[in-house]
Amino acid sequence: MKKISILGSTGSIGSQTLEIVRRFPERFEVTGLCAGKNIDLLAEQITEFAPKIVSVTRKEDSERLREIAGPKTQIHYGNEGNIAVATEGECDLVISSMVGFPGLLPTLSAIQAGRNVAIANKESLVVAGGLLISEAKNQDVILLPVDSEHSAVFQTLLEKDREFLKRIIITASGGPFRKTPKKDLGKVTVADALCHPTWKMGEKITIDSATLMNKGFEIIEARWFFDMPVEKISIWVHPQSIVHSILEYVDGSFITHLSASDMKIPIAQALSYPERLDLGRPDASPDDLSDITFEKLDTDKFKAPAMAIECLRMGGTYPTVLNAANEVAVTAFLDERIRFTDIIPIVRETLERHDKLDSGCLDNILEADRWSRNTAGSIMESFLS
Ligand code: MG
């Protein structure tokens, strides 16, 4: 029986993880759950899975949950509560699936507590990848990717072939605006941006997919997960989201991974590693794979991936600042305070004002995140509609 704790249990990845757990009760037991403000769903999850430890964002919600949960469930709140779920009790695997920067401290704490972690919260690798990877090495813990592209690389990259690997190609659907002319992007609405063509995901990552910042983050994620120099990571647009990554070797071989665009597949892979779960999918037919095309990324229309690569090259806390400014701008766009085309300029201007700090130290990362949020917030004043 594998004991798991889920950070971000009411979000898209957390809910799908619990769907898999529900299907394999003989294999998985839920030890801990941590959620934000979706208390009704969390209460249902507590009743169904009877975790030993739970955390929520607000104190008042923790008090309400105490009345619902039985005496065997400890209820915590806030940052300390999240860290308690990540580190306390018996647990074989932590699923890190909170949204954005708040996922960093619980993820880092889980690693420092010697726990294997399945990482869906890519922002924690973007802002502190070097720190997380070195702590994972120190603690001898396994980090498993949940992101579909990285799960695909993880499943196909053999250690014996590493020295012959020319590059990792991660695919991008191109998002909802792949075919939208650049001149029309200023007019798109929040609803347009939330309408992803192939993946059903949470709001923040869906906006990041529309700007292609998500793909920029995934380059940073791949750099840390697979210890690859940024020059050896490329993006190809693949609108059908069936091929998730391609490994290109020096002899001209391409090794790839294909699957339906269903996040339960990479989640199940991380949950059951090194085994696989029978997800009961119907047999594939040639029709499922008959339409597979690739195209170049339009780097003039989508500037975010190049910006992320530049941050990785400049190093230090630049990726931290990139993430924080992006979170501020995406939130403002979702609140309809700025236009879609304001997101990237706000991030760029924040980066231009930054003096980098050493990113090997958590305090510097926290400081750069705070600085970036304040700076992006004041830059945004001039963009407010
Ligand atoms: Mg992805």
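The values are calculated or read from the model by the stated rules, or taken from the named source; none is laboratory data. Quantities reported herein were computed from a predicted structural model and do not represent experimental measurements. So basically every Cβ, Gly included, is an ideal-geometry build from the backbone, and we count neighbours across all protein chains shown. Accessible surface areas use protein heavy atoms only, side chains included; no ligands, DNA or RNA. Shrake-Rupley method; radii C 1.70, N 1.55, O 1.52, S 1.80 Å.
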> For the stretch 329-368, what's the radius of gyration and Dmax over Cα atoms, in angstrom?
Replying inline: 13.2, 36
> In the chain, how does Rg compare with the Kirkwood Rh, expressed as the Rg/Rh ratio over alpha carbon atoms?
Replying inline: 0.95
>> At 1.4 Å probe size, put 195, 361, 34 in order of accessible surface, largest to smallest.
In response: 195, 361, 34
>> Can you tell me which aspartates and glutamates have their Cα less than 12 Å from the Cα of residue 183? Leave out same-chain residues fewer than eight positions away.
In response: 300
>> Taking the Cα centroid of the stretch 228-279 and of the stretch 113-130, what is the distance between the two, rounded to the nearest whole Å?
In response: 19
> Cα to Cα, under 19 Å, and not fewer than 8 places away if on the same chain: which aspartates and glutamates meet these conditions relative to residue 59?
Replying inline: 40, 44, 67, 80
> So for the stretch 183-252, taking the charge dipole from beta-carbon charges (+1 Lys/Arg, -1 Asp/Glu), which of 242, 230, 202 sits furthest toward the positive end?
Replying inline: 202
>> Please report the antiparallel percentage of DSSP beta bridges with both residues in the stretch 47-158, rounded to the nearest 5.
In response: 0
> Mean residue ellipticity at 222 nm from the helices of the chain, using -39,500 (n - 2.57) per DSSP H segment of n ≥ 4 over the full residue count, to the nearest 500 deg cm²/dmol?
Replying inline: -13500 deg cm²/dmol
> When only alpha-carbon atoms count, how far does the stretch 168-207 stretch along each of its three principal axes, as whole angstroms with the largest first?
Replying inline: 33, 21, 14
> Taking H as built 1.01 Å from N, whose amide H comes closer than 5 Å to the amide H of residue 74, not counting residues under 5 places away?
Replying inline: 53, 54
> Any idea how far apart residue 79 and residue 50 come out in nm if each label point goes 7 Å out from Cα toward Cβ?
Replying inline: 3.5
>> Need one value: the accessible area of residue 363 in square angstrom, 1.4 angstrom probe, rounded to the nearest 10.
In response: 110
> Rule-of-thumb check for the stretch 1-70: C-alpha Rg over 2.2 N^0.38 Å?
Replying inline: 1.03
> If one computes the Cα centroid of the stretch 183-211 and of the stretch 140-166, what distance in Å separates the two points?
Replying inline: 28
>> Against the 2.2 N^0.38 Å scaling, with N counting residues, where does the stretch 44-141 land? I'd like the Cα-based Rg ratio to two decimal places.
In response: 1.11
> Put +1 on the Cβ of every Lys and Arg and -1 on every Asp and Glu Cβ in the chain; which of 25, 274, 170 then has its Cα farthest towards the positive end of the dipole?
Replying inline: 170
> In the chain, carbon and sulfur make up what percent of the accessible area (probe 1.4 Å)?
Replying inline: 50
> Residues of the stretch 115-252: accessible area per residue at 1.4 Å, in Å²?
Replying inline: 37
>> Please report the accessible area of residue 256 (heavy atoms, 1.4 Å probe, ligands and nucleic acids excluded) in Å², nearest 10.
In response: 60
> Quick one: of the DSSP bridges fully inside the chain, what percent are antiparallel, nearest 5?
Replying inline: 30
> Just 84, 284, 268 to compare: in a GNM of the chain, with alpha carbon springs under 10 Å, which one fluctuates most?
Replying inline: 284
> Using the Cα gyration tensor of the stretch 278-339, with a ≥ b ≥ c the square roots of its eigenvalues, what is the shape: rounded (a/c below 1.5), prolate (a/b larger than b/c) or oblate (neither)?
Replying inline: prolate
> What is the ratio of the Cα radius of gyration of the stretch 245-385 to 2.2 N^0.38 Å, where N is its residue count, to two decimals?
Replying inline: 1.41
>> About the Cα centre, and with charges only on the beta carbon of Lys, Arg (+1) and Asp, Glu (-1), how big is the dipole of the chain? Nearest 20 debye, please.
In response: 320
> To the nearest 20 debye, what is the magnitude of the charge dipole of the stretch 1-72 about its Cα centre, counting +1 on the Cβ of each Lys and Arg and -1 on the Cβ of each Asp and Glu?
Replying inline: 260
